[in-house]
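Participant: The structure is given below, and queries will be raised subsequently.
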Amino acid sequence: MKDYFVLRVMAKLLIPFILLFGFYVQMHGDYGPGGGFQAGVIIAAALILYAIVFDVGPARRVAPMWALVALSCMGVLLYAGVGVATMFAGGQFLEYGALAQNPAHGNHLGILIIEIGVGIAVAAAMLMIYFSFAGRR
Amino acid sequence: MDQGGPQGAQAIDLYINIVLLVFVLATGIAAVWLRNLLASAMLLGIYSLLMAALWVVLDAVDVAFTEAAVGAGLTTALMLFAIWLTGRQEKPPVRKPWFPLAGALITGGLLIFGTIDMPKFGDPQAPAQVHVAPYYLENAEAQTGVPNVVTSVLASYRGFDTLGEVTVVFTAGMGVVVLLGGLRRRRRTDET
């Protein structure tokens, strides 16, 4: 793919915007369509686009496999950790209302944090699958 | 509204639906028909994009978003890689696929037969509309401070289910890494 000049230029132009859009979808999921799942996939897609058009090597150095495994574990643990935190705060498992004085604020905070957890876990898992495929060759 | 067929916005919705569904059917059949796997993968990507458009017509933008990102984007990339690793041409089948075809047709026929008993599309008295949905629509924003009801249901009211879904994605990623030896391969190349 390295020989296709137009493809390379367009990918280089688009990748920062794809990443930015991914973060926007992540943080804006409570006001518009989107959320952790979609954001994770979009962020993973930006890196996969780079790996396909340019080279898999630099992409793997940016996101080495051990880091991806750690990140995907971290995402799931962040989600479950919010549940445990709400239990310590006096609520039930994943009852975000216990996180703040005002239950609505606690709910909003809890939703933001678990969406970040979802985004990290999904992005890392997608990249893990992709790099495992790419490493077979 | 019953006389003279649908009108106005409803008619436009109907025609868009018909066009999209015809294209969905065509791409689906073509994807199965073609022996060139690269073309099949591309057709399935188009199929997902058309489905995303259908979800938008049904006002399910969150689902449409996921379908476009996962179905049309990532899955196509993964399938292209699988083809790159294996081969571009499908081998001709050993025997005619009459039995699977009959199975698929009978199952599909039964499913369509089942939809006859389902409530009419958009019926306000349908069981799905009168159970917890009104409660979510009335209380979600006040209780969670999140205007997007889909997000509040997904992350808060059904938070436990979503934790399960994330665990499924995580397990899938881990499973592929363990099966394809992504970790071990990496370590070996690091040592050398």
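The values are calculated or read from the model by the stated rules, or taken from the named source; none is laboratory data. As the structure is a prediction and not an experimental result, all values here were calculated from the model. For neighbour counting, all protein chains shown are included, and Cβ atoms are generated from backbone atoms with ideal geometry for every residue, glycine included.
Participant: Among A:Met87, A:Met65, which is the only one that is farther than 20 Å from A:Leu13 by Cα, modelled with pLDDT under 90 and exposed (fewer than 15 other Cβ atoms within 10 Å of the Cβ)?
Facilitator: A:Met87
Participant: Output the residues belonging to region B:116-175 that are over 22 Å from the mean Cα position of the chain (by Cα) and acidic (Asp, Glu).
Facilitator: B:Asp117, B:Asp123, B:Glu138, B:Glu141
Participant: Hey, another quick one. Within region B:21-44, how many residues turn out to be outside any helix (DSSP H, G or I) and polar (S, T, N, Q)?
Facilitator: Matching residues across region B:21-44 total 1.
Participant: Would you confirm whether or not region A:37-55 contains a residue that is touching a residue at least 24 places away in the same chain (Cβ under 8 Å), acidic (Asp, Glu) and more than 10 Å from every other protein chain (Cβ to nearest Cβ)?
Facilitator: Within region A:37-55, one or more residues are touching a residue at least 24 places away in the same chain (Cβ under 8 Å), acidic (Asp, Glu) and more than 10 Å from every other protein chain (Cβ to nearest Cβ).
Participant: Next question. I'd like the full set of residues that are within 16 Å of B:Gly71 (Cα to Cα) and without any contact (Cβ under 8 Å) to a residue 40 or more places away in the chain, limited to region B:25-39.
Facilitator: Residues satisfying the conditions are B:Thr27, B:Gly28, B:Ala31, B:Ala39.
Participant: Do we find that A:Phe93 is surrounded by fewer than 21 Cβ atoms within 10 Å (Cβ to Cβ) and closer than 16 Å to B:Val166 by Cβ in this structure?
Facilitator: Answer is yes for this residue.
Participant: Please count how many residues of region A:104-124 are more than 7 Å from every other protein chain (Cβ to nearest Cβ) and polar (S, T, N, Q).
Facilitator: Qualifying residue count for the region: 0.
Participant: Wholly within region B:98-153, which helices (runs of 4 or more DSSP H) include no fewer than the required count, namely at least 1 residues that are in contact with a Gly (Cβ under 6 Å, 6 or more places away or on another chain)?
Facilitator: Answer list for region B:98-153: B:149-152.
Participant: Could you say which residue among A:Leu68, A:Leu14, A:Leu20 is hydrophobic (A, V, I, L, M, F, W, C) and either in contact with a Pro (Cβ under 8 Å, 6 or more places away or on another chain) or more than 13 Å from chain B (Cβ to nearest Cβ) (or both)?
Facilitator: Of A:Leu68, A:Leu14, A:Leu20, the one residue that is hydrophobic (A, V, I, L, M, F, W, C) and either in contact with a Pro (Cβ under 8 Å, 6 or more places away or on another chain) or more than 13 Å from chain B (Cβ to nearest Cβ) (or both) is A:Leu20.
Participant: What tally of residues in region B:88-116 results from selecting those that are touching a residue at least 40 places away in the same chain (Cβ under 8 Å) and surrounded by 10 or more Cβ atoms within 10 Å (Cβ to Cβ)?
Facilitator: The qualifying residues number 3.
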